[in-house]
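Taking it in order: structure first as C-alpha cells, then the write-up.
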Amino acid sequence: MSEQTPNAAPGKTAFDEPPAPQRQPIDAPLDIQQTHKIAEFEHDYPLTHCRFDPTGRYVFAGAEDFNIYRWDLASGAASKTPFTGHHSWVRSVDLSPDGQTLYTGGYDDCIGVWSADADLPQPEQMVEAHRGWVRWVRVSPDGKRLASCGNDNLVKIWNLPDMSPSHVLAGHQRYPYAVAFHPDGERLVSFDLMGVVKEWSLATGEELRTLEAKVMWGYDKVFAADMGGARDLRFSPNGSGLAVAGLTNLKNAFAGTHDPMILVFDWDKGEPRYQFIDADFGGMAWGALFHPDGLLIGGGSPRAGAKGVLWFLKEGEEKPVHTVPLSHGSRGIDLSPDGKLLAVAQVDNRLTVYQMTAPAVQ
C-alpha cells in the first residue's frame, strides 16, 4: 500500500483493550513451518513501525495517533504505555544497546529521546533534526552514535547520549528513506527515493561509494510522481549482505499498483545477489530482515489494503519456503534478540507476535 500524508492529531491517546494471550515458554528449536501467533495487541489507530528492545521484554510501536506504545511481553498484559510528545506520525524507532533509551523519528521533523522503561514516559529531548519528515533513526552497534535521514535530502550523524551534531552527509538528490549501520561500526548506508544507495565513513563523513537499485524505483507519467525508496533496510549479522524492502514494477502511484520486492546486495562486491518479487500478491514489501540461521524474512502489504503476508525466504529460491497470512497489511517487522519471536506492526491497528517454533505442549 502507498504511504499517506498524516492527518490532524486525533484526540484519543489511550484505550481500553481485551486481555492478550500469554506468551508461551520458548524451549524448542527454530521451526518456521510451525510459526504461530502467541499474542495480539489491539489499538485504535494503524501502526507504523515496531521494534523489540534488546532484552526481548518489550515491543515498541509507532501509531498514526502520533504516539509510540510499549507492550510488555514478559507479563503478557494487554495494557500498553504511551509515549506522547510528537505532533505527527512516528515512522521509525530504535533503542540503545542496553535498552535504556528509546529514539523516535517523526514526521514532525523531530527526533525524540526517551527513557525506555519509564512508568510515565516524557521526552527527555525533542530535537528538530531535519527540514522535513524524519524518515528513519538507527543507533550504532556501540551505542555512541545515532543516524537519521529526512525530506531535506540529508543524512545526519548525532553523538550520543547528548544528541550533539557529528556529521551532516549531503549527496542524495532525492530524500533518503532509511539508513543502516554496518556491523563493523565504521560505515553507514542510506537508500533514497530513486533507488540510489550511498555508503559513508563514520569517522570522516566522506562518501565512500554509490550503488544503484533503480529496479526499486518507478515514475508514474499520469500523476508525474516518482515512487520508490526503502521501507526497511538491514544488514546481515556478518555484514556481507544488505536487504532492502520496497517496490518494483510501478504502474499507478496513486492507486498503489506495483509489486513488492526484497533485494539483497552482496555488500563486498557492491551488486545485487538475490531478489524476490511477489507479483501475485502485489503491493509493497514493508519489512526485510536476516535471521541468524540464514533465512530472510519479509513482511508485505497488498495493493488492495486487504490481508498481508509474512514471507520466509532462502536466497537463490524464487518462491518462499513458507508463508504466514496476516489479518491486514504489515507496516514493519522485527526479530526478538533470541531469534524465536517476530513482531508485526499492522495497518488494522494490531501488533501481532509470532513464535517460530513448535507450539508449547499444554
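The values are calculated or read from the model by the stated rules, or taken from the named source; none is laboratory data. All figures in this text were calculated on a predicted structure; none of them were measured in a lab. Ideal geometry is used to build each Cβ from the backbone, glycine not excepted, and the neighbour counts take in all protein chains shown. The area values use the complete protein model at the heavy-atom level, side chains included, leaving out ligands, DNA and RNA. Shrake-Rupley method; radii C 1.70, N 1.55, O 1.52, S 1.80 Å.
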Seminar exercise, completed: The number of residues in region 252-272 that are of a type in the set (A, V, I, L, M) and modelled with pLDDT under 95 is 2
For this session: Kindly state which strands (runs of 3 or more DSSP E) lie completely within region 222-306 and contain at least 1 residues that are open to solvent by 20 Å² or more (accessible area, probe 1.4 Å) and either among the aliphatic types (A, V, I, L, M) or closer than 27 Å to A147 by Cα (or both).
Result: 225-228, 232-235, 241-252, 257-266, 271-277, 284-290
Exercise. Of these, K198, K144, which one is in contact with an Asp or Glu (Cβ under 7 Å, 6 or more places away or on another chain) and on the phi < 0 side of the Ramachandran plot?
Worked result: K198
For this session: Scan region 117-135 for residues that are assigned to a loop (DSSP other than H, G, I, E, B) and open to solvent by 20 Å² or more (accessible area, probe 1.4 Å) and jot them down.
Result: D117, A118, D119, L120, Q122, P123, E124, R131, W133
For this session: Identify, from the list S96, S88, the residue that is more than 20 Å from V347 (Cα to Cα), in contact (Cβ under 8 Å) with a residue 60 or more places away in the chain and of a type outside the set (A, V, I, L, M).
Result: S96
For this session: Please name all residue pairs, on different chains or six or more residues apart, with Cβ atoms under 7 Å, provided the first residue is in region 263-277 and is among the small types (G, A, S) and the second residue is part of a strand (DSSP E or B) and surrounded by 15 or more Cβ atoms within 10 Å (Cβ to Cβ).
Result: G270/L211
For this session: Return only the number of the condition from (1) in contact (Cβ under 8 Å) with a residue 12 or more places away in the chain; (2) among the polar types (S, T, N, Q); (3) over 29 Å from F191 (Cα atoms) that S75 does not satisfy.
Result: (1)
Problem set entry | Residue match in region 342-356 (condition: open to solvent by less than 10 Å² (accessible area, probe 1.4 Å), small (G, A, S) and more than 15 Å from E40 (Cβ to Cβ)) | no
